[in-house]
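Colleague: This is the structure I want to talk about, given as structure tokens.
Every number in this text was worked out from the coordinates using simple rules, so none of it is lab data. Predicted model, so just to flag it, every value in this text is computed and none were measured. Every residue, glycine among them, receives a Cβ derived from its backbone with ideal geometry; neighbour counts consider all protein chains shown.
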Amino acid sequence: MTTPTERANQLRGNLNERAGGIRGRLNARAQRLAEGLARNLSEIIDRPPTPPTLRREEPRGGIPSARGYAQYNYQPGSNPGRGGGIASPLEEVNYGSRLYHTNGIPSTDGLFVYPLLSRLLLEDADGAPVEIYLAGTSAPTP
């Protein structure tokens, strides 16, 4: 029969042998992985990258000189004398001609309702009437 101390020493020896074998296998595996990584990296690094090349173009020469021209595109029904469109500045002739939406914009606390314009009549610099229709809005969310 062995004493408990001898048995403990024997178990420690067995564990140390196993640990050494496991460490040896792990070191060998880590060494193989490191060598494979170094090999892969050297393959990538050692190869010089090939620069992209463009195909060769044949020389074509310059563009010959010529007289410039423009094509005018008058809109149908336009009057060359007046120019068409709205002439600036726009002026409001009659403040009373404004139209408002039936529902205004309520304040966030609901105590007030602000008027909301629906139509605005203006006059341009040539005296032509200009009508602006404004869209309504939904009530703001508090």
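Colleague: Please get the size of the charge dipole for the chain, origin at its Cα centre, with Cβ charges of +1 on Lys and Arg and -1 on Asp and Glu, quoted in debye to the nearest 20.
Modeller: I would put it at about 1680 debye.
Colleague: Just to be sure I understand, if you calculate Rg and Dmax of the Cα atoms in Å for this structure, which of (1) 45.4, 128; (2) 17.5, 61; (3) 16.1, 58 do you get?
Modeller: Matching the structure shown: (1).
Colleague: Positive end of the charge dipole of the chain (Lys, Arg +1 and Asp, Glu -1 on Cβ, about the Cα centre): tell me which of 69, 116, 136 has its Cα farthest that way.
Modeller: So the residue we want is 69.
Colleague: Placing +1 on the Cβ of each Lys and Arg and -1 on the Cβ of each Asp and Glu in the chain, which of 101, 15, 51 has its Cα farthest towards the positive end of the resulting dipole?
Modeller: With unit charges placed on the Cβ atoms, the residue in question is 15.
Colleague: Also: What's the angle, to the nearest 10 degrees (0 to 90), between helix 4-46's Cα axis and the longest principal axis of the chain?
Modeller: So the inclination is approximately 50 degrees.
Colleague: With labels modelled as points extended 7 Å from the Cα through the Cβ direction, what inter-label distance (nm, one decimal) is found for residue 90 paired with residue 8?
Modeller: For the pair residue 90/residue 8, the computed spacing is 10.0 nm.
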